[in-house]
1. How high is the FRET efficiency from Glu19 to Glu54, r the C-beta distance, R0 25 Å, rounded to 0.05?
2. Excluding Met1 itself, calculate the net charge of residues whose Cβ lies under 12 Å from the Cβ of Met1, where each Lys or Arg counts +1 and each Asp or Glu counts -1.
3. What distance in nm separates the two pseudo spin-label positions at Arg95 and Val166, each 7 Å out from Cα along the beta-carbon direction?
4. How many percent of the accessible area of the stretch 40-91 is carbon or sulfur, using a 1.4 Å probe?
5. What is the set of long-range amide H partners of Val15 at a cut-off below 5 Å, with H atoms built 1.01 Å from backbone N?
6. Please state the shape class of the stretch 56-101: rounded when a/c is under 1.5, otherwise prolate if a/b exceeds b/c and oblate if not, all from the C-alpha gyration tensor.
7. For the stretch 109-120, just list the computed ³J(HN,Hα) in residue order, Karplus coefficients 6.51, -1.76 and 1.60, θ = phi - 60°, integers in Hz, with x standing in for Gly and Pro.
8. To the nearest 10 Å², what's Cys13's accessible area with a 1.4 Å probe?
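The values are calculated or read from the model by the stated rules, or taken from the named source; none is laboratory data. Computed from a predicted model, the values in this text were never measured in an experiment. A quick note on method: Cβ atoms are made from the backbone with ideal geometry, for glycine too, and the neighbour counts reach across all protein chains shown. These area figures cover heavy atoms from the full protein model, side chains too; ligands, DNA and RNA do not enter into them. Shrake-Rupley method; radii C 1.70, N 1.55, O 1.52, S 1.80 Å.
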Amino acid sequence: MRVLGVDPGLTRCGVGVVEGVAGRPLTMLGVGVVRTPADVDLGHRLVAVEQGLEQWLDEHRPEFVAVERVFSQHNVRTVMGTAQASAVAILCASRRGIPVALHTPSEVKAAVTGSGRADKAQVGAMVTRLLRLDAPPRPADAADALALAICHIWRAPAQNRLQQAVAAQAARTPPTTPRAPAARHASKGRTA
């Protein structure tokens, strides 16, 4: 399974590609960031993020895209930029028919480090160890993107089994149809 992880952001959008399957050693195929200057208007920044992500999709041809789910932050301006960059990533993947999975930061941290409260240094250290790298990817957005891809590879089999079980249950359970109101029968031969 080849996954492009995206840690969305307007100034730095982390991207990382990991290949492998759960239970086996994983391989990093690429890592980096898509950068946009803070002094450029929003529309041009979003186009730059799109173009950068399209290049990564063209080069690495992932089977899945894992994007960090936007969560509430104290700084509304930051969360808006993150949400906008996230939407661009989802759009780029969906346009190509690539399935997109959203993972919360705590899900990613728990999957990679064993603790949903791990800090960025712990995530970077575990990504380095899991992918057998010489040093943690820099900046932290790049390491976070790799962690997203790792999280998806490890969680996807369980999620697929769950979806299959739900689908199988739905197939076994006959759909309920609403009952039609009782029809009124007019008596034959009687007039009112």
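1. Details: r = 20 Å, r/R0 = 0.80.
For Glu19 and Glu54, the calculated efficiency is 0.80.
2. +1
3. The two pseudo-label positions are separated by 2.9 nm.
4. Numbers: 1740 of 3070 Å².
Percent of accessible area from carbon and sulfur atoms in the stretch 40-91: 57.
5. So Val15 has HN proximity to Asp7, Gly32, Val33, Val34.
6. On the way: a/c = 2.96, a/b = 2.56, b/c = 1.15.
Taking the square roots of the gyration eigenvalues as a ≥ b ≥ c, the stretch 56-101 is prolate.
7. With coefficients 6.51, -1.76 and 1.60, one gets 4, 5, 5, 8, 10, x, 9, x, 10, 4, 8, 4 Hz.
8. 0 Å²
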